[in-house]
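Novice: Just dropping this structure here.
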Amino acid sequence: MMTGDHHGMLDVALAQLDAVAKRLALDPGIHKRLRQPQRSLIVSVPTLMDDGRLEVFTGFRVQHDLTMGPTKGGIRYHPGVNLEEITALAMLMTWKCALMGLPYGGAKGGVCCDTTRMSLVELERMTRRYTSEIILFIGPDRDIPAPDMYTNEQVMAWMMDTYSMQQGITSPGVVTGKPLLLGGSLGRREATGRGVYYILKAAAKEHGIAFKGARVVVQGFGNVGSVAARLLYEDDCCVVAVSDHRGGIYNPKGLDILKLLAECADKGSVSEHRDGDRITNEELLELDCDFLVPAATEGQITEKNADRVRARIVAEGANGPITPEADEILAGKKVVVLPDILANAGGVTVSYFEWVQDLQQYFWHEHEINDRLSEVMTAAFQRVLALSRKERVDLRTAALMLGVSRVAEAKKLRGLYP
Ligand code: GLU
């Protein structure tokens, strides 16, 4: 099972910030301000369940930094959601948006719940109540939620409707990752996986690894992993293993990803697939491959298994799948790590495109979105690569240095109020 190790995720985020602050010789006052989220909201979400019981869920929305513009970040529904995790993820969103040059600060939200045990109606009631509890916090020019783990276009549609009904207007720009019909963007659903694909393409070129026949392993077959797997497969890579929360499937000759996708839509899991051997999620991470894409959840590659990772490049599709201890072990083995705030930034980048389209009520063609995404991702990769060479640091440190310094610079320009 991919339970993940999210204990101490905030400690990790803070340690990363502290290390980067030292390298950048950051102003101590600005460093202190960046260590704390600007605003955190904890709400109770009373929800009527189908059997007549009343359940009270706990929800969060954390806005880490508002310096660059309205805040942006996903909403996750998961039993492991807690304030520390959401705060750490909000902080990562600040660096991610700044690294990509988006005019946003970072935010994150979530509700502690198990959606796999909830009906659609229960999910809708909970989403609407959660939205109304955070309604003063959000808005197209305040804070713009998006999907994250176990939330999707339908959840975004309910959030948009709840906000719009309370405002007495229709406000598509309040969330991104909406259905197309409600002001969503072409390409948004695929954007995170597509971004992973573009980043891997740029990194492979840099390291002289041919795409044709490159062996790929993907952990997680959700919105990120399944799209990355498909695009890599369609670009002649040999996807040898994929998995979801129920387990994985391995075929050294390569899996037929299109067949797998069709089957998955039917059966709801890749683990039933016949053309390969069943493996666990743990075994999957240790397979010999060129590209490993952990696209499930945090805390998957740790000091316990990093030593056995045999990939040449690891692209973090999820947020925080590699712990700092594992990072060090991988660096020692000369494994290239493409960090989350770069590798999975395609999602928030196309969210930005969606928001721009909503504000202008002018919608783009899909090829325009994908072309611009490719441009933005490749340019960000080149910036990170150049700084990592100049400073002799790994790609994660370079990416964080770029993100943090941009926010710090903006904070300095704005000064301290009052
Ligand atoms: N939840 C995604 C992330 O972690 C997307 C956030 C967004 O589109 O605002 O980057």
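The numbers here are math on the coordinates, done by the rules we state, and not lab data. Predicted model, so just to flag it, every value in this text is computed and none were measured. As a convention, Cβ positions derive from the backbone with ideal geometry for all residues, glycine included, and neighbour counts pool all protein chains shown.
Novice: Say whether the condition of being on the phi > 0 side of the Ramachandran plot and within 15 Å of the ligand (Cβ to nearest atom) is met by at least one residue in region 118-138.
Specialist: no
Novice: Which of the residues that make up region 361-373 are part of a helix (DSSP H, G or I), more than 14 Å from Ala343 (Cβ to Cβ) and either in contact with a Cys (Cβ under 7 Å, 6 or more places away or on another chain) or not acidic (Asp, Glu) (or both)?
Specialist: Those that are part of a helix (DSSP H, G or I), more than 14 Å from Ala343 (Cβ to Cβ) and either in contact with a Cys (Cβ under 7 Å, 6 or more places away or on another chain) or not acidic (Asp, Glu) (or both): His367, Ile369, Asn370, Arg372.
Novice: Any residue in region 165-193 that's closer than 24 Å to Asn344 by Cβ: show its pairings with residues that are within 11 Å of the ligand (Cβ to nearest atom) and of a type in the set (Ser, Thr, Tyr) at Cβ separation under 7 Å, as long as the two are six or more apart or on different chains.
Specialist: Thr176/Ser351; Gly177/Ser351; Arg188/Thr176; Arg188/Ser351; Ala191/Thr349
Novice: Residue by residue through region 50-66, note down the ones that are of a type in the set (Asp, Glu) and within 26 Å of Lys412 (Cα to Cα).
Specialist: Asp65, the sole residue that qualifies.
Novice: Can you pull out the residues in region 330-349 that are among the hydrophobic types (A, V, I, L, M, F, W, C), assigned to a helix (DSSP H, G or I) and either over 20 Å from Trp95 (Cβ atoms) or more than 16 Å from the ligand (Cβ to nearest atom) (or both)?
Specialist: Leu330, Ala331
Novice: Across region 23-77, what is the total count of residues that are more than 16 Å from the ligand (Cβ to nearest atom) and farther than 21 Å from Met9 by Cα?
Specialist: The number of residues fulfilling the criteria is 24.
Novice: Across region 33-75, which residue is surrounded by the most Cβ atoms within 10 Å (Cβ to Cβ) among those that are more than 24 Å from Ala345 (Cα to Cα) and of a type in the set (Ser, Thr, Tyr)?
Specialist: It comes out as Thr47.
Novice: Among the listed residues Leu181, Leu258, Leu232, Leu200, which satisfies the condition of being out of contact with any Gly (no Cβ under 9 Å at 6 or more places or on another chain), under 30 Å from Ile135 (Cα atoms) and either assigned to a loop (DSSP other than H, G, I, E, B) or among the hydrophobic types (A, V, I, L, M, F, W, C) (or both)?
Specialist: Leu181
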